[in-house]
Amino acid sequence: VQLQASGGGLVQAGGSLRLSCAASGRTFSIYVMGWFRQAPGEEREFVAACNWRGGSTSYADTVKGRFTISRDNAKNTVYLQMNSLKPEDTAVYHCAARKSGSWLSTREDAYDYWGQGTLVTVSS
C-alpha cells in the first residue's frame, strides 16, 4: 500500500485547510486510516483515525470539534478537514494505514503504512 498526502500550506489562524491522503496498491487490505502530526522539535502525535469499512472515528482532544476525518472508498482517499486552525496546529501531517484489526489505535506502532507528510503552517 502506498499513501500520498497533499493539501498542506500556509493559512492564517482561524482559517481552514483540507488534507487528502490517496491510497494505492493493495487497498483492500486496509482496515483503519489515521492522521498523525509532528511539530518542529516534538514527537509525532495522533490526530484522528477512521475505520476504512465503517463509520467509526476517533480524535485527539486537541483537535476534537475542529477537525473532521472522512473517507471516500470509491476514490481510496481519506480526508482531514481542519477548521479554526491555531498556530499550535503547525506541523507536518502524515497519513497512515493499518492492515489488520478495526480498532482505532492512537499508537504509531499500530500502523503499517505511512505517507510522506504534508506541511501545515498556521500564522498568528
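The values are calculated or read from the model by the stated rules, or taken from the named source; none is laboratory data. Keep in mind that what you see is a predicted model, and the values were worked out from it rather than measured. Neighbour counts are summed over all protein chains in view; Cβ atoms, including those assigned to glycine, are modelled from backbone coordinates with ideal geometry. Accessible surface is based on the protein model in full, side chains and every heavy atom, while ligands, DNA and RNA are left aside. Shrake-Rupley method; radii C 1.70, N 1.55, O 1.52, S 1.80 Å.
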Need one value: the accessible area of residue 36 in square angstrom, 1.4 angstrom probe, rounded to the nearest 10. 0 Å²
Across the stretch 25-33, in residue order, what do the Karplus-derived ³J(HN,Hα) couplings come to in whole Hz, using 6.51 cos²θ - 1.76 cosθ + 1.60 with θ = phi - 60° and x for Gly and Pro? x, 7, 5, 5, 8, 7, 10, 9, 10
Evaluate the charge dipole of the chain about its Cα centre and quote only its size in Debye, nearest 20, assuming +1 on the Cβ of each Lys and Arg and -1 on the Cβ of each Asp and Glu. 460 debye
If the cut-off is a Cα-Cα distance under 26 Å, which lysines reach residue 75, setting aside same-chain residues fewer than 8 apart in sequence? 64, 99
Could you go through the stretch 50-67 in sequence order and give the Karplus-derived ³J(HN,Hα) for each residue, using 6.51 cos²θ - 1.76 cosθ + 1.60 with θ = phi - 60°, rounded to whole Hz, and x for Gly and Pro? 9, 7, 5, 10, x, x, 5, 9, 8, 9, 5, 4, 5, 10, 4, x, 10, 10
Select from 24, 80, 7 the residue farthest towards the positive end of the dipole of the stretch 1-91; place +1 on Cβ of Lys and Arg, -1 on Cβ of Asp and Glu, and compute about the Cα centre. 24
Counting only protein heavy atoms with a 1.4 Å probe and every protein chain in place, the carbon and sulfur fraction of the accessible surface of the chain in whole percent equals 46 percent
One checks the Cα atoms of the chain and finds Rg and Dmax, in Å, of 13.3, 41
Placing +1 at every Lys and Arg Cβ and -1 at every Asp and Glu Cβ, with all other atoms neutral, what dipole size does the stretch 72-124 have around its Cα centre, in debye to the nearest 20? 140 debye
Taking a probe of 1.4 Å and leaving out DNA, RNA and ligands, the chain shows per residue an accessible area in Å² of 50 Å²
